[in-house]
Amino acid sequence: MNNQSLQPEYMTRFQCIGAECEDTCCAFWNVTVDKETYHRYQSVKHPALQKRLKDDVVPRRESERSKLNYASMRLNSETGACSFLDHGLCAIQAELGESYLSPTCATYPRRINEIDGTQEVSAALSCPEAARLALLEPRGIDFEYVPRQEAANTQWNARLTSQSAAAPVTLKYLWDLRVLAIEIIQNRQFGLSHRIMLLAAFADLVDEAASGQAAEDLTPLIEQFRNGLAAQSELTIPQTFPVNHSFQLKLLNELLVGIMNENQIINVRYRDCLMSYLRGMQQAEGLSFERVLLFYEKVYRDCHDTFLNQHEYIMENYIVNLMFSTLFPVSTDGKMFDQVLYIGILYALIRMQLVGMCADQRKLTEEDAVRLIQSFTKNFDHSRHFKKEIVEVCKAEGVTALGHLSLLVMY
Ligand code: SF4
């Protein structure tokens, strides 16, 4: 085990703001309790908490229980907050101490992974304070090693080893692949949508190599791609990637309307953002599709000129944080290209919502962008259906390869 931990630099500055938080993690969320913590709570003798811990920590139905997901905190029916939240402070932490928190509560918003004994810690951007720190760093996200910290109630997101024979090739080359992927996404020589396409083109090559005989050694491919970018290969010309505003508008709008119709909107802050997007886009209601497209192109240009262009680092930081915290490109969920495709769709969806919000409000601020990304993440991070539905709609529309991803993200 390595006694160092790798983390984005913003983690050093992160501190929960407790009662000041505008979207506390203790509200409108299923706060899960593991089996060990549940039984520990049942034996607490604290005068003020004994009864509350018996009444308000509710075991799941037997058929739904697992070791990690054994019970959940009852939510206050009036406020929607965890019933242990007293005046913005957690009663369990205040009365019994941090060691009594369930792994979920003790760890959030940290997302902790371990690869070959090295710990990696980042934050879920569903936490407003973490989102502010991570997203609003104009220089981009830097990483640093700090002394490793680990409590008995730490919750691990994933613990992997690249040494086993069964490890997928993306895990064996995780470090090299991820370094180049982050290098690409942080390369400001190119526009961000172009960087996503460069990453997608690289992922395509990795998948092809991984499925062939030479899967054992990806090092030459990684170096070749890096050198190609430095030598201004054809991929570095934005016009290499096709653009289609009409396809983009139709598909992204279909995805957003699908999300709304499925009643998947739980987070109040996200609902406000979505309503603002709708009001912005509905200014073109009743027009022919050609006129709607002209309207979209105009509001996109306005939003780009007044906000998106100068604040591209916000979405760059979002993508870098997502890749680091989810161990990109390791996944049980498809090839490396599929991971980039999903990242590209998230990027395009968030950008489109910002454009609609800009049309509604006549301007955008950094706070608007943070609010949208934080609430979007909070609304969908734990949704079982969200990713599945997005992938299904994209498959049905034939968005499964480089060219189609380009139509969604390039502008
Ligand atoms: S969401 Fe973040 S800042 Fe807000 S209460 Fe939770 S950990 Fe603290």
Pick from K172, K378, K45: which is most flexible by mean-square fluctuation in a GNM of the chain where alpha carbon atoms under 10 Å apart are linked? K45
Equivalent ellipsoid semi-axes - Cα gyration tensor, region 194-315, angstrom: 37, 19, 15
Hz values of 3J(HN,Hα) by residue in region 312-318 - Karplus curve (6.51, -1.76, 1.60), Gly and Pro given as x: 4, 4, 5, 6, 4, 5, 4
In the chain, which Cys residues have no partner Cys with a Cβ closer than 4.7 Å? C16, C21, C25, C90, C105, C127, C273, C394
Log10 I(q)/I(0) at q = 0.06, 0.11, 0.13 Å⁻¹ for the chain, from Debye over equal alpha-carbon scatterers, is -0.27, -0.90, -1.22
With region 303-411 reduced to its Cα atoms and the Debye formula applied, log10 I(q)/I(0) at q = 0.17, 0.21, 0.22 1/Å amounts to -0.90, -1.30, -1.39
Would you mind computing Rg(Cα) / (2.2 N^0.38 Å) for region 169-233, counting N as its residues? 1.08
Sum of -39500 (n - 2.57) over DSSP H runs of 4+, divided by residues of the chain (222 nm, nearest 500): -15500 deg cm²/dmol
Highest GNM mean-square fluctuation, the chain, Cα pairs closer than 10 Å: which of R351, R271, R384? R384
Please list, in order along region 270-287, the HN-Hα scalar couplings obtained from phi with the Karplus expression 6.51 cos²θ - 1.76 cosθ + 1.60 (θ = phi - 60°), rounded to whole Hz, x for Gly and Pro. 5, 4, 4, 5, 5, 5, 5, 4, 4, 4, x, 6, 6, 4, 9, 4, x, 7
For D56, D217, give the ranking by accessible area with the largest first, probe 1.4 Å. D217, D56
How far, in degrees from 0 to 90, does helix 336-361 lean away from the longest principal axis of the Cα atoms of the chain, to the nearest 10? 90
For the chain, what proportion of DSSP beta bridges, expressed in % and rounded to the nearest 5, is antiparallel? 75
For the chain, set up a Gaussian network in which alpha carbons nearer than 10 Å are linked by springs, and say which option among A369, A181, A48 fluctuates the most. A48
Just the Cα atoms of region 26-107: what Rg and Dmax do they give in Å? 11.9, 35
Mind checking which lysines have their Cα closer than 19 Å to the Cα of K35? Skip sequence neighbours fewer than 8 apart in that chain. K45, K51, K54, K67
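The values are calculated or read from the model by the stated rules, or taken from the named source; none is laboratory data. Being a predicted model, the structure only gives us computed values, none of them experimental. Don't worry about glycine lacking a Cβ; one is built from the backbone with ideal geometry, like all the others, and counts go over all protein chains shown. Ligands, DNA and RNA are stripped out before the accessible areas are found, and what is left, the full protein with its side chains, is counted by its heavy atoms. Shrake-Rupley method; radii C 1.70, N 1.55, O 1.52, S 1.80 Å.
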